[in-house]
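Q: Would you mind keeping the following structure in view while I ask a few things?
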Amino acid sequence: MSDKNYELLYHYEQLGNDGNITIRLPQELKKDFLEAAGNSRNSGRLIREFMIQYISDHKK
C-alpha cells in the first residue's frame, strides 16, 4: 500500500460509519469471500481497503 493509501485509510478510519452500500452478488461469491477474509468483520475492512485503493488510483 502506498503512502497516499495509508493517508486515505487513516482519514476514512477517523470518520464515523454513517453510510451503507448494499450490493447484490452471487451467494457463492459472498461465501467464498467471507471464507477468504476469515470473518465478516475482516470482510468489511477489506472492502473499505479495496475502495480506498480504487479512490487512490482514480481520484484526481
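The values are calculated or read from the model by the stated rules, or taken from the named source; none is laboratory data. Since we're looking at a predicted model, the values are computed, not measured. The accessibility values were calculated without ligands, DNA or RNA, using every heavy atom of the protein model including side chains. Shrake-Rupley method; radii C 1.70, N 1.55, O 1.52, S 1.80 Å.
Q: Tell me, what % of the accessible area of the chain is carbon and sulfur with a 1.4 angstrom probe? Kindly include the intermediate steps, with their values, before the conclusion.
A: Values: 2920 of 5520 Å².
Result for the chain: 53 percent of the exposed heavy-atom area is carbon or sulfur.
Q: For residue 34 and residue 60, calculate 0.36 nm times their separation in residues minus their Cα-Cα distance, and state this gained length in nm to one decimal.
A: Values: separation 26, 0.36 × 26 = 9.36 nm, distance 3.20 nm.
Result for the pair: 6.2 nm of gain on full extension.
Q: As a test of the formula, what do you get for the chain when each DSSP H run with n ≥ 4 contributes -39,500 (n - 2.57) and the sum is divided by the residue count, at 222 nm and rounded to the nearest 500 deg cm²/dmol? Before the final figure, lay out the partial values.
A: On the way: 3 runs with 41 residues, N = 60.
The per-residue figure over the chain is -22000 deg cm²/dmol.
Q: So which lysines pass the test for residue 60, namely a Cα distance under 27 Å, with those fewer than 8 places away in the same chain ruled out?
A: 4
Q: What accessible area per residue, rounded to a whole number of Å², is obtained for the chain using a probe radius of 1.4 Å?
A: Numbers: 5520 Å² over 60 residues.
Per residue, the chain has 92 Å² of solvent-accessible surface.
Q: Give me the log10 of I(q) over I(0) for the chain at q = 0.16, 0.26, 0.27 Å⁻¹, as the Debye formula computes it from C-alpha points; what are the numbers?
A: -0.61, -1.16, -1.18
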